[in-house]
1. Of the residues 7, 36, 42, 53, which is of a type in the set (Val, Ile, Thr) and in contact with a Ser or Thr (Cβ under 8 Å, 6 or more places away or on another chain)?
2. Just the residues that are aliphatic (A, V, I, L, M) and under 16 Å from residue 22 (Cβ atoms), please, taken from segment 56-79.
3. Quickly run through segment 13-44 and pick out the residues that are in a helix (DSSP H, G or I) and surrounded by 15 or more Cβ atoms within 10 Å (Cβ to Cβ).
4. What number of residues in segment 74-96 are part of a loop (DSSP other than H, G, I, E, B), surrounded by 12 or more Cβ atoms within 10 Å (Cβ to Cβ) and modelled with pLDDT of 75 or more?
5. Looking at the structure I just gave you, is residue 7 buried (at least 21 other Cβ atoms within 10 Å of the Cβ), polar (S, T, N, Q) and under 17 Å from residue 77 (Cβ atoms)?
6. Is segment 49-72 home to any residue that is assigned to a helix (DSSP H, G or I), of a type in the set (A, V, I, L, M, F, W, C) and touching a residue at least 40 places away in the same chain (Cβ under 8 Å)?
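The values are calculated or read from the model by the stated rules, or taken from the named source; none is laboratory data. Since we're looking at a predicted model, the values are computed, not measured. Cβ coordinates were reconstructed from backbone atoms using ideal geometry, including for glycine residues, and neighbour counts include every protein chain displayed.
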Amino acid sequence: MLRQQNTIALKTGGARGIGAVIARAFCDEGADVILTDIEVVTGQSMADESDATFVRLEVTSEADWISVAERFPILDVLVNTPASPGLKGRFRARRPRLTLRTPLWPTGGPCMR
């Protein structure tokens, strides 16, 4: 049984590592996956392997988020866990890099449809 059938899931940082594993798991469970990353070649290859749709997305770019929201106006799941290259040692809390002025997708309820 496909537990995510009829589900639209967007995964940031999905080109490799744990992001790719999460994206593939959603695909394997029947979701329509939008795999995003800044690594175009690796991201497209991963999307091709897992039957996902690849879109280049720099998570710190409001313009990129708006472009994705316009292309995919309905989402059921957002897994926003992009990689942070160069982080070593202890992790320190810091302010978010991007705060959107307006919501891009409707909020509320278990499903946004």
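1. Values: 7 fails: in contact with a Ser or Thr (Cβ under 8 Å, 6 or more places away or on another chain); 42 fails: in contact with a Ser or Thr (Cβ under 8 Å, 6 or more places away or on another chain); 53 fails: in contact with a Ser or Thr (Cβ under 8 Å, 6 or more places away or on another chain).
That would be 36, the only listed residue that is of a type in the set (Val, Ile, Thr) and in contact with a Ser or Thr (Cβ under 8 Å, 6 or more places away or on another chain).
2. First, pick out the residues of segment 56-79 that are aliphatic (A, V, I, L, M): 57, 59, 63, 66, 68-69, 74-75, 77-79.
Residues satisfying the conditions are 57, 59, 75, 77, 78, 79.
3. Kept after step one, since they are in a helix (DSSP H, G or I), are these residues of segment 13-44: 17-28, 40-44.
19, 20, 22, 23, 24, 25, 26, 27, 42, 43, 44 - these are the residues of segment 13-44 that are in a helix (DSSP H, G or I) and surrounded by 15 or more Cβ atoms within 10 Å (Cβ to Cβ).
4. Keep residues of segment 74-96 that are part of a loop (DSSP other than H, G, I, E, B), which gives 74-76, 81-96.
Next, only the ones that are surrounded by 12 or more Cβ atoms within 10 Å (Cβ to Cβ) stay: 75-76, 81-83.
Adding the requirement that they be modelled with pLDDT of 75 or more leaves 75-76, 81-82.
Number of matching residues: 4.
5. Details: buried (at least 21 other Cβ atoms within 10 Å of the Cβ): no; polar (S, T, N, Q): yes; under 17 Å from residue 77 (Cβ atoms): yes.
Taking the combined requirement at face value, the residue does not satisfy it.
6. The initial filter retains those residues of segment 49-72 that are assigned to a helix (DSSP H, G or I), namely 49-50, 62-71.
Narrowing further to those that are of a type in the set (A, V, I, L, M, F, W, C): 63, 65-66, 68-69.
Still in the list and also touching a residue at least 40 places away in the same chain (Cβ under 8 Å): 68.
Yes, that holds for at least one residue.
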